[in-house]
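The values are calculated or read from the model by the stated rules, or taken from the named source; none is laboratory data. Keep in mind the model is a prediction, meaning the values are calculated, not measured. All Cβ positions, glycine included, derive from the backbone under ideal geometry; neighbour counts span all protein chains shown. These area figures cover heavy atoms from the full protein model, side chains too; ligands, DNA and RNA do not enter into them. Shrake-Rupley method; radii C 1.70, N 1.55, O 1.52, S 1.80 Å.
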Amino acid sequence: RQHEAPRRVKRAWVIPPISVSENHKRIPHLLVQIKSDKQQPGGVIYSIKGPGVDEEPLGIFSIDKFSGKVFLNAMLDREENDRYRLRAFALDLGGVTLEDPTDLEIIVVDQNDNRPLFRQDVFTGHVVEGAEPGTCVMTVDATDADDPDTDNAALRYSILEQGAAGMFSINATTGEICTARPGLDRETMGVYNLTVQAADMSGDGLTTTAMAVIYLDDINDNPPEFTKEEFSMEVEEQAAGVDVGKVFVHDKDLAGSPSWLAKFTILEGDPEGAFAIRTDPHTNDGVLSVVKPLDHEVRDRFELTVSVQNERPLEPSVPTSPRALATVRVRVRDVNEAPVFRENPRRISVLEGTPPGTAITTYTASDPDTHQIQTLSYALLYDPAEWLQLDPHSGTVRTKRELLHPSAFLQGGWYIALVLARDDGEPPLSATGTLSIEILEVNDHAPQLQPPAGVLCGRPGRGGTLLLGATDEDRPPHGAPFHFQLSPQHPQLARNWSIARFNGEGQPGQPLLTAIKTPLNHFPHCPIPPQSLPPSLSLLPAQVHPAPAIPPCPPCPRGCPGVPAVLVALGAARVRGRRRALRKGLLQRSQDDMRDNILNYDEQGGGEEDQDAYDINQLRHPELFCPRAKPPLRRDAPLSSGTPLAPRKLPSSPSDIEDFINEGLEAADSDPSVPPYDTALIYDYEGSGSVASPLSSIVSSLTDEDQDYDYLNEWGPRFRRLADLYG
């Protein structure tokens, strides 16, 4: 196989790059001439195509089609287009291509026709005052449109002007500005204006300038100072929350910065903390104010020592100096002050019913103005019930009328009045004092029984009841609860009457109900004459009318329609001592003959106070109390029961006591004066005046420690259980 030999390229058709300087002014300018080796009879036709010929920008280049000369027809600008790539063609007269198209490259050579340009006209930077040399502040930079690979774009920076101090320097290549010297002081010069320059051709070509403004940032290198050493001010007494005056300071640091703001302190002269000082944020001055009222009579002038310093501490590099001090003298002006009631409110107690004209208190005020001679006068500002009268000069309060309960002007037993004290100063001032009067309750009303009178049926053998209550116009502790008892002036009433609590303790202001039992014996006697009683007692007349179905007893004397019983209500009496004495007396009697103290234990309505309900003498001698032609028979008595026709014989020995009791019970069953068999008995209540202790005394020695129950062992086997419990 035979290798093809490489084709030889004709040198005349290969066109090297053509260089042309921008801004060439001799137009048209021959750039190059191209030729084809394939000459034809009649010649060769040449043409070029590309940017600058038949593409934008048009008309820059042209060619002579017969000679092949290429011409420059316009000035070039390298900054717009630094090179042009064209195509050259060779044709015969018939338009047939003689040569392959070849490249024609035209390079535009740069000229230093562009000045450097700073990116901004003014550059701004900050540096703290007192910065060390070499501290970088900012960088200025510029650009050049010329070819960066030539000196046409090689820039150099410099500071043309910055003042006489020469505090800053600039890096010629990078444009970085740094401090060159120590001693930057914002208080001396706070802003530096530098004129910087950029030049191409490494500093020898075209130039441009810009401004570099450098601000010095403040540091706290200057402490505040008072404008003078002493300040004088005045303030009225009793004024609080008001400004007295200002103290003025000066600080060289930047106004409004933390290094400038002042902080004031009162060091001496105000032990009670009556003054305060704050900083005016706009002027940085100290504003002195009063926070507690001042009293001219106590102290009429103050001398304060005030110090000032910055909110931010001084820089460590700043030499230390003592804090600035100033003396502030404050004079307290005297003004008229209102009177003062030292005791407000004044509380007093007065008995109700105090007669008019009684002095109950002297309520006066004091005048704080001890350096002024003034007179105080008094008046009643509020006296809703018009119960009081007031001496305008001495302040003595007297009763104008009786102070009584109840009243709509009392609040929980208190009467409120207001007293006005006024001075004669200029201007006159006044003060109000509250007088609280407690109206003490007096036991001046006797309790009233409800109902005030009662009527009972006196049917023999049937006890009746009367429900009682009481009211009292007095307030506690002189009102409810009440204590009810039979009249102590007539002890014989206890033989036929009993009284007991019915509904518990009751509530204050509500009647306490009691139950009263009708007599179990007949009433052959006339009423007891009324007795004089203390004001805390009340009487109740109770008339007992005989039942018509029963043969009447001997009539009472004229003027005696019935037999009254007198009841007495006592307020909150304590009868524990009387109960003990009564119980002790009963126990002593128990050592005697017990046959005369037989109790009806199957009827428990009267309790232990009802021991006189059945008189044994009535069983022995019923004819002595109410003689009858023939004893009436009980309709509800058993058929075998009978009534003894003659007095019973007393037992001769204790062993006959059982027979004696059985006989007595049989006689009592036939007695018409005892309750019938179908009578409703009260088993849940045993009276209010029991002489015995509560059941808790079985296991307690609080009230029965002196009681001896050994005698129960002598009463026989029926009382052995009680002996075991109490012995």
State the volume of the convex hull built on the alpha-carbon positions of the stretch 225-333, expressed per residue in Å³ and rounded to an integer.
94
Hydrodynamic calc, the stretch 117-217: Kirkwood Rh from Cα pairs, then Stokes-Einstein at 25 °C with viscosity 0.890 mPa s, so D in µm² s⁻¹ is 177
Round to the nearest 10 and report in Å² the accessible area of Cys136, as given by a 1.4 Å probe over the protein chains' heavy atoms.
70
Quick one: compute the contact order of the stretch 18-109, relative version, from alpha carbon pairs under 8 angstrom and 6+ residues apart, as a percent.
36
Is the shape of the stretch 346-440 rounded, prolate or oblate, going by the alpha carbon gyration tensor and its root eigenvalues a ≥ b ≥ c, with a/c under 1.5 for rounded and a/b larger than b/c for prolate?
prolate
Percent accessible area from carbon and sulfur atoms, the stretch 9-123, protein chains only, probe 1.4 Å:
50
Mind computing the radius of gyration and Dmax over the alpha-carbon atoms of the stretch 18-109? Å is fine for both.
13.7, 45
Chain lengthening between Leu58 and Glu176 when straightened (0.36 nm per residue, less Cα-Cα):
37.9 nm
Given a Förster distance of 30 Å, report the FRET efficiency between Glu438 and Arg299 from their Cβ-Cβ distance, rounded to the nearest 0.05.
0.15
First compute the accessible area of the stretch 287-336 with a 1.4 Å probe, then give the percent of it belonging to carbon and sulfur atoms.
51
Sorted by accessible surface (1.4 Å probe, heavy atoms of the protein chains only), largest first, Glu55, Glu99 come out as Glu55, Glu99
Karplus couplings for the stretch 477-485 from phi (6.51 cos²θ - 1.76 cosθ + 1.60, θ = phi - 60°), rounded to Hz, Gly and Pro as x?
x, 9, x, 5, x, 10, 10, 10, 7
Taking a probe of 1.4 Å and leaving out DNA, RNA and ligands, the stretch 41-162 shows per residue an accessible area in Å² of 53
Could you pull out every residue, at least 5 positions away or on a different chain, whose amide H is within less than 5 Å of the one on Glu337? Hs are placed 1.01 Å off N in the peptide plane, and Pro or chain starts have none.
Asp369
Total charge dipole magnitude, the stretch 225-333, about the Cα centre, Cβ charges on Lys, Arg, Asp, Glu only, Debye to nearest 20
180
Of the candidates Ser158, Ala198, Thr173, the farthest towards the positive dipole end of the stretch 117-217 (Lys/Arg Cβ +1, Asp/Glu Cβ -1, centred on the Cα centre) is Ser158
Express as a percent, rounded to the nearest 5, the fraction of DSSP beta bridges in the stretch 117-217 (both residues included) that run antiparallel.
75
Kindly state, to the nearest 0.05, the FRET efficiency for Phe409 paired with Arg323, given R0 = 56 Å and r defined as their beta-carbon distance.
0.30
Could you work out the relative contact order of the stretch 346-440? I mean the mean sequence separation of Cα pairs under 8 Å and 6+ apart, divided by the number of residues, in percent.
37
Quick one: if you stick a label point 7 Å off each Cα along the C-beta vector at Glu105 and Arg720, how many nm between them?
15.2
So how far apart, in nm, are the two label points at Ile661 and His126 if each is 7 Å from Cα heading toward Cβ?
11.8
Rank Phe719, Phe231 by accessible area, highest first, at a 1.4 Å probe radius?
Phe719, Phe231
Residue (of Thr265, Phe302, Leu314) at the positive-pole extreme of the stretch 264-314, dipole from beta-carbon charges:
Leu314
Please list the non-local residues whose amide H lies under 5 Å from the amide H of Thr354, H modeled 1.01 Å from N, same-chain partners needing a gap of 5 or more.
Leu403
Solvent-accessible area of Phe248, probe 1.4 Å, all protein chains present, reported in Å² to the nearest ten, please.
90
Heavy-atom accessible area ranking, 1.4 Å probe, most first, across Arg278, Arg186, Arg342, Arg83:
Arg342, Arg278, Arg83, Arg186
What nm distance separates the two modelled labels at Ser202 and Asp334, each placed 7 Å from Cα along Cα→Cβ?
9.6
I'd like the accessible area for Glu56: 1.4 Å probe, protein heavy atoms, all chains in place, Å² to the nearest 10.
140
Mind jotting down the distance between the C-alpha centroids of the stretch 401-444 and the stretch 315-356, whole Å?
29
